[in-house]
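First up is the structure itself, then whatever we jot down about it.
The values are calculated or read from the model by the stated rules, or taken from the named source; none is laboratory data. It should be emphasised that the depicted structure is a prediction, and the values quoted were computed from it without experimental measurement. Methodologically, a virtual Cβ is constructed for each residue, glycine included, from the backbone with ideal geometry; neighbour enumeration extends over all protein chains shown.
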Amino acid sequence: MRALLLATTLITAPALVFAVGFDDDTPPTPTDTTKTCTDGLVWDAEIKSCVEPTDSSLNDTDRMNAVRELAYAGRIVDAERVLDAVTDQSADSVLTYRGFTARKAGRMDDAYVWYNRALEANPDNLLARSYLGQWHAETGNITLAKAQLSEIRQRGGRSTWSEMALRMAIQSGRGYSY
């Protein structure tokens, strides 16, 4: 069993390193948001320029795609600036990414609060469960990390990035990093 788990981990590890969230477990394609824009600005393809994340030409999908891309690039402060511009601050995806950026910035207590808010908004948010489980693994509470892994599986998340990333975090005691 251990050999099978190791083989699975080695085969899937490249994808896990790049995964960040949403329904897609491939890395976001870099756009001019990360290649050209600075200080939390977002690329507007229509006008071919960097704009404020509050710009009316952007919608929340554009903003969340930029958040994902910036977070993947390790630009946590910029990702948080764009998160601030999302219209629906109570959306579980926003709450999940607030937890993620807080955790990556070392604000562990804040991360815990955000992940729990995301799960209050949507108990089936597998990404929030994985990130919360990784938080537990990073803070040394493997029992609670395993409880989140069980929840992910019970909610239909077997063989998903969320399950695999949390399983690896439980084994290593660390959340994934890009």
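The test for being over 11 Å from the mean Cα position of the chain (by Cα), in the same structural domain as Q154 (by TED's automatic domain parsing), of a type in the set (A, V, I, L, M, F, W, C) and surrounded by fewer than 21 Cβ atoms within 10 Å (Cβ to Cβ) holds for A105. Taken together, the residues in segment 43-78 that are free of Cβ contacts under 8 Å to residues at least 24 places away in the same chain and hydrophobic (A, V, I, L, M, F, W, C) amount to 5. Against the conditions (1) within 25 Å of P123 (Cα to Cα); (2) part of a loop (DSSP other than H, G, I, E, B); (3) touching a strand residue (DSSP E or B) at 6+ places or on another chain (Cβ under 7 Å), S57 satisfies every one except (1). Note on segment 136-166: among residues that are of a type in the set (D, E) and within 20 Å of K104 (Cα to Cα), the one that is surrounded by the fewest Cβ atoms within 10 Å (Cβ to Cβ) is E138.
So, S93, is that one small (G, A, S), part of a helix (DSSP H, G or I), touching a residue at least 40 places away in the same chain (Cβ under 8 Å) and surrounded by 22 or more Cβ atoms within 10 Å (Cβ to Cβ) or not? It is true that S93 is small (G, A, S), part of a helix (DSSP H, G or I), touching a residue at least 40 places away in the same chain (Cβ under 8 Å) and surrounded by 22 or more Cβ atoms within 10 Å (Cβ to Cβ). Of the helices (runs of 4 or more DSSP H) that lie entirely inside segment 121-178, those containing 3 or more residues that are touching a residue at least 40 places away in the same chain (Cβ under 8 Å) span 126-138, 161-172.
Count, please, the residues in segment 115-126 that happen to be under 27 Å from D55 (Cβ atoms) and buried (at least 24 other Cβ atoms within 10 Å of the Cβ). Summing the residues that are under 27 Å from D55 (Cβ atoms) and buried (at least 24 other Cβ atoms within 10 Å of the Cβ) in segment 115-126 gives 1. Only one of the listed residues (G99, G74) is of a type in the set (G, A, S) and either part of a helix (DSSP H, G or I) or not assigned by TED's automatic domain parsing to the domain that holds G40 (or both). That residue is G99. For segment 41-83, filtering for residues that are buried (at least 21 other Cβ atoms within 10 Å of the Cβ) and at positive phi leaves 0.
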